[in-house]
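A short write-up of the structure that comes next.
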Amino acid sequence: MSFEMTSAAEILAFWAIAGYLLGAIPFGIVTARALGLGDLRQIGSGNIGATNVLRTGSKLGAALTLIGDAGKAGAAVLLARALAAEDAAQIAGFAAFFGHCYPIWLKFKGGKGVATGAGSLLPLHPFLLIGAALTWVIVTKATKKASIASIAVVPMLVLAFVLSGTPGWEIFALVGIGALVEIRHASNIKRLLSGTEPPVTGSTV
């Protein structure tokens, strides 16, 4: 799939803002409150994503959060693709990912971005993302540490995209997403090195 800027600047700006606002919806916090699980930011690692919801013992809450976090980015891509063009779709997807990591509603203190980044890429490269998701599940199952899986899978995914012949602009965007995911996991890396990273609970990961 080739990439070419065809949309007017104002159209791209609109979808960048729309994607960001969609991505900034904190599904983890909303789900945790709706299910009576408490303030997610005061539980486990303090992250607002599905892994931390799972630490509360609620598999339903974790599943709903995962679907919401991935779905909001996928929705941004698909809406922009349907109503504008491919360039707008890719910008909307990246903006949704950025919005999840730095949501305006939470004073720009958001999640790690793994599920949302995957959701933004899924409509573009579904088979590669399915392979990455399976790898993430296997590594998490083996180590009981979702952070290890996330940190390991991202560079593997970037390499897979390069080897698949993905167009250059998309590789640049993916590298940006991957780099931000790794940066967002800096605190996890510190806890892993010190042996204080909390494990994922439950038998479904």
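The values are calculated or read from the model by the stated rules, or taken from the named source; none is laboratory data. All figures in this text were calculated on a predicted structure; none of them were measured in a lab. Cβ: placed from backbone, ideal geometry, glycine included. Neighbour counts: every protein chain shown. Each accessible area value is taken on the protein alone, full model and side chains, heavy atoms only, with ligands, DNA and RNA left out. Shrake-Rupley method; radii C 1.70, N 1.55, O 1.52, S 1.80 Å.
Condition first: open to solvent by less than 20 Å² (accessible area, probe 1.4 Å) and more than 19 Å from the chain's Cα centre (by Cα). Now tell me which residues in segment 33-44 satisfy that. Passing the criteria: none in range.
Modelled with pLDDT of 95 or more, within 21 Å of residue 185 (Cα to Cα) and either out of contact with any helix residue (DSSP H, G or I) (no Cβ under 6 Å at 6 or more places or on another chain) or not basic (Lys, Arg) (or both): is that true of residue 119 in this structure? The answer is no for residue 119.
Conditions (1) open to solvent by 60 Å² or more (accessible area, probe 1.4 Å); (2) assigned to a loop (DSSP other than H, G, I, E, B); (3) touching a residue at least 40 places away in the same chain (Cβ under 8 Å); (4) farther than 17 Å from residue 118 by Cα, marked per residue:
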residue: 16; (1), (2), (3), (4): no, no, yes, yes
residue: 31; (1), (2), (3), (4): no, no, no, yes
residue: 46; (1), (2), (3), (4): no, yes, no, yes
residue: 66; (1), (2), (3), (4): yes, no, yes, no
residue: 87; (1), (2), (3), (4): no, no, yes, yes
residue: 90; (1), (2), (3), (4): no, no, yes, no
residue: 93; (1), (2), (3), (4): no, no, yes, no
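If you go through segment 62-112 and keep only what is aliphatic (A, V, I, L, M) and within 22 Å of residue 182 (Cα to Cα), you end up with 62, 66, 67, 70, 73, 91, 92, 95, 96, 104, 106. Name the single residue, out of those in segment 126-153 being open to solvent by less than 30 Å² (accessible area, probe 1.4 Å) and touching a residue at least 40 places away in the same chain (Cβ under 8 Å), that is farthest from residue 99 (Cα to Cα). Looking at residues that are open to solvent by less than 30 Å² (accessible area, probe 1.4 Å) and touching a residue at least 40 places away in the same chain (Cβ under 8 Å), I get 140. Would you be able to say whether some residue in segment 78-93 is modelled with pLDDT of 90 or more and within 29 Å of residue 194 (Cβ to Cβ)? Taking every residue of segment 78-93 in turn, none turns out to be modelled with pLDDT of 90 or more and within 29 Å of residue 194 (Cβ to Cβ).
Scanning segment 101-121 for residues that are open to solvent by 10 Å² or more (accessible area, probe 1.4 Å) and either among the hydrophobic types (A, V, I, L, M, F, W, C) or within 8 Å of the chain's Cα centre (by Cα) (or both) yields 104, 105, 106, 108, 112, 114, 115, 118, 121.
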